[in-house]
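Scroll down for the structure; my scribbles are underneath it.
The values are calculated or read from the model by the stated rules, or taken from the named source; none is laboratory data. This structure is a prediction, so every number in the text was calculated from the model and none was measured. Here the Cβ positions follow ideal geometry from the backbone for every residue, glycine too, while neighbour counts run over all protein chains shown. Areas reflect the complete protein model, heavy atoms only, side chains present, ligands, DNA and RNA absent. Shrake-Rupley method; radii C 1.70, N 1.55, O 1.52, S 1.80 Å.
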Amino acid sequence: MPRSPERPGAARWVPDDAGVEELEQAAHACRGCELWRDATQVVFSAGPPDADVALVGEQPGDREDREGEPFVGPAGGVLADALDAAGLDAGAVYLTNAVKHFRHVELPERGKRRLHRTPAVAHVRACLPWLEAELGAVRPRVVVALGATAARAVLGAPARVGELRGRVLDTPDGGAFPGASVVVTTHPSALLRLRDRSGWDDAFAALVVDLATAARAARAA
Ligand code: URA
Ligand code: SF4
């Protein structure tokens with residue numbers, strides 16, 4: 001499929017052989033797809049650039065877009081609790097997203113509330129050079145894909161979270177992240193919808209089990 005002029009892809013903005021800090025600086029200029037236009041700023045990553053475990057989310061949310069940091073909103077709170085319960089130090093993991101600008105629609109009739117829109121496959125593809133470059137620099141032992149969008153980016157193919165979750169997978173041959181294992185799990189924002197409802201405990205426990213699996217795989221690697 002030809003790339004649209006609006007979506008040339010991020011590659012031309014990604015510096016060669018750069019560390020995470022340099023990549024983050026460069027990402028501010030990215031025009032690899034149209035999502036930069038309605039977003040406040042690029043949201044790159046957080047966490048140590050030599051982490052053993054990298055977590056990949058979908059895209060920044062409303063709070064992340066305003067603050068410029070990943071996972072500082074409600075989904076990030078759930079994730080921090082789950083990491084803690086899995087025995088992973090939240091400050092020791094590398095946190096990033098498959099897509100680095102917030103895709104949303106504004107609802108003028110509701111006080112300009114900004115409603116999350118799932119990024120399209122074309123946005124994931126356009127933004128992939130950033131994820132490849134940063135994970136190439138960090139070289140984590142294990143990459144955790146949070147939800148279907150992240151799993152698609154990391155595995156390079158459509159992925160069903162329900163079928164893949166909790167297993168320690170090899171990175172695909174010829175894929176972007178040679179050497180790392182991949183663990184797919186649910187996105188923490190899926191849990192937010194269950195808060196204070198039946199199903200929360202089981203869903204949270206399942207996320208914790210998957211994160212603990214990733215921690216174990218990182219230790220064994
Ligand atoms: N959801 C994500 O996928 N990423 C974030 O950074 C925040 C919420
Ligand atoms: Fe570039 Fe990714 Fe932002 Fe699109 S979403 S402009 S590819 S950083």
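Under the Karplus relation 6.51 cos²θ - 1.76 cosθ + 1.60, θ = phi - 60°, what is the ordered set of whole-Hz ³J(HN,Hα) values for region 14-26, x standing for Gly and Pro?
So the J values, rounded to whole Hz, are 8, x, 6, 6, 9, x, 4, 4, 5, 4, 4, 4, 5.
Measuring from label point to label point, each 7 Å out along Cα→Cβ, what is the R160 to E6 span in nm?
3.2
Once fully extended, how much extra length lies between A220 and A29, figured as 0.36 nm per residue of separation less the alpha-carbon to alpha-carbon distance?
That works out to 64.9 nm of additional length.
In the chain, what % of DSSP beta bridges are antiparallel (nearest 5)?
40
So how exposed is T213, as accessible area in Å² (1.4 Å probe, rounded to 10)?
Near enough 20 Å² of accessible area.
Which whole number in µm²/s is D for the chain by Stokes-Einstein, with the Kirkwood Rh taken over Cα pairs at 25 °C and 0.890 mPa s?
Rounded, D is 141 µm²/s.
R0 = 30 Å: FRET efficiency of A92 with R63, Cβ-based, nearest 0.05?
Taking R0 as 30 Å, the efficiency between A92 and R63 is 0.85.
Can you list the trypsin sites (Lys or Arg not before Pro) in region 101-203 that are in a DSSP coil and have 14 or fewer other beta carbons within 10 angstrom?
Numbers: sites: R103, R110, K112, R113, R114, R117, R125, R141, R152, R160, R165, R167, R193, R195, R197; in loops: R103, K112, R117, R141, R160, R165, R167, R193, R195, R197.
Answer by residue number: K112, R117, R160, R167, R193, R195, R197.
Place a label point 7 angstrom from the Cα of H116 along the Cα-to-Cβ direction, then list the residues of region 187-219 whose backbone nitrogen is under 14 Å away.
187-195
Going by accessible area, probe 1.4 Å, with all protein chains left in place, what is the ranking of V208, V99, largest first?
Highest to lowest solvent-accessible surface, that is V208, V99.
Work out from phi, with θ = phi - 60° and the Karplus expression 6.51 cos²θ - 1.76 cosθ + 1.60, the ³J(HN,Hα) of each residue of region 34-49, listed in order in whole Hz, and give x for Gly and Pro.
These are the phi-based 3J(HN,Hα) values: 7, 5, 4, 5, 9, 9, 6, 6, 6, 10, 8, 9, 9, x, x, x Hz.
Computed FRET efficiency, Cβ-Cβ of L107 and D196, R0 22 Å: what is it to the nearest 0.05? Don't skip to the answer; put the middle values down first.
Numbers: r = 25 Å, r/R0 = 1.12.
It comes out at approximately 0.35.
Quick one: accessible surface of D62, probe radius 1.4 Å, all protein chains present, in square angstrom to the nearest 10.
50
Using the Cβ atoms and a cut-off under 12 Å, what net charge is assigned to the surroundings of P188, where Lys and Arg are +1 and Asp and Glu are -1?
Summing Lys/Arg as +1 and Asp/Glu as -1 gives -1.
In whole Å, how far is the Cα centre of region 94-124 from that of region 162-221?
What the calculation gives is 22 Å, centre to centre.
Give, in nm to one decimal, the length gained when the segment between D173 and E22 is fully stretched (0.36 nm per residue of separation minus the Cα-Cα distance). Before the final figure, lay out each step's value.
Working: separation 151, 0.36 × 151 = 54.36 nm, distance 2.78 nm.
Separation in residues times 0.36 nm, less the Cα-Cα distance, equals 51.6 nm.
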